[in-house]
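Here is the structure we will look at.
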Amino acid sequence: MLTACSLTLGVAQAHGSVGQRGGPTGQSGTGGTAQAVSATLEQCVTAVTQAERSATFSGEMTAIAGTARMSMRIDVEERGPGEALFHTVSAPGLGVWRASDPKVKVYKYLKQVTNLSAPADYRALVRFRWLNTRGHLIRRAERVTPGCEEPAPPPSAAPSSEVPSTSSTAPPASG
């Protein structure tokens, strides 16, 4: 199992337009969403020791007209050798909707996952929601980050006998 840590950032002042990074997997709502979200692989650390392997994913979204609050969810997906499809990784703190403080204009959420298995490929599916003052959905979108490839350890390295652990921290959003 993986260890997940997160950091949530809310920014009161909007930064210019936020470009899309990562490929879209689907989106609903009206136009303009592509410029309001991004999903990225911030860091990919490969190592011989499982406990030292990690990937840090981020999502960023910008408020649109009528937004009172924004929320984001990062799901980490894994694909092992010989597997055609990615599957969602389960660990505490993953797959949870995290909401911004009210009236935040730019919302960024970072998720670091450690203790990664190898060989495997990892990516994140980042989901975005914009909510009005009544908490009703205005728009939603999702993006997939670029992947983090964890290669097989060299043959001279002893197989890892570590038992993966999980933990999660999520400081409150600031605005």
With a Förster distance of 25 angstrom and the Cβ-Cβ distance between Thr46 and His87, calculated FRET efficiency to the nearest 0.05 equals 0.75
May I ask you to list the chymotrypsin sites (Phe, Trp or Tyr not before Pro) in the stretch 69-125 that are in a DSSP loop and have at most 10 other Cβ atoms within 10 Å of their Cβ? Trp97
Sparse-neighbourhood loop sites, GluC sites (Glu not before Pro) in the stretch 76-126 - DSSP loop, at most 16 other Cβ within 10 angstrom: Glu83
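Read-outs: derived from the displayed coordinates by stated rules, not from any lab. No experiment lies behind these values; they were computed from the predicted model shown. All Cβ positions, even for glycine, are placed from backbone atoms using ideal geometry, and neighbour counts span all protein chains on display.
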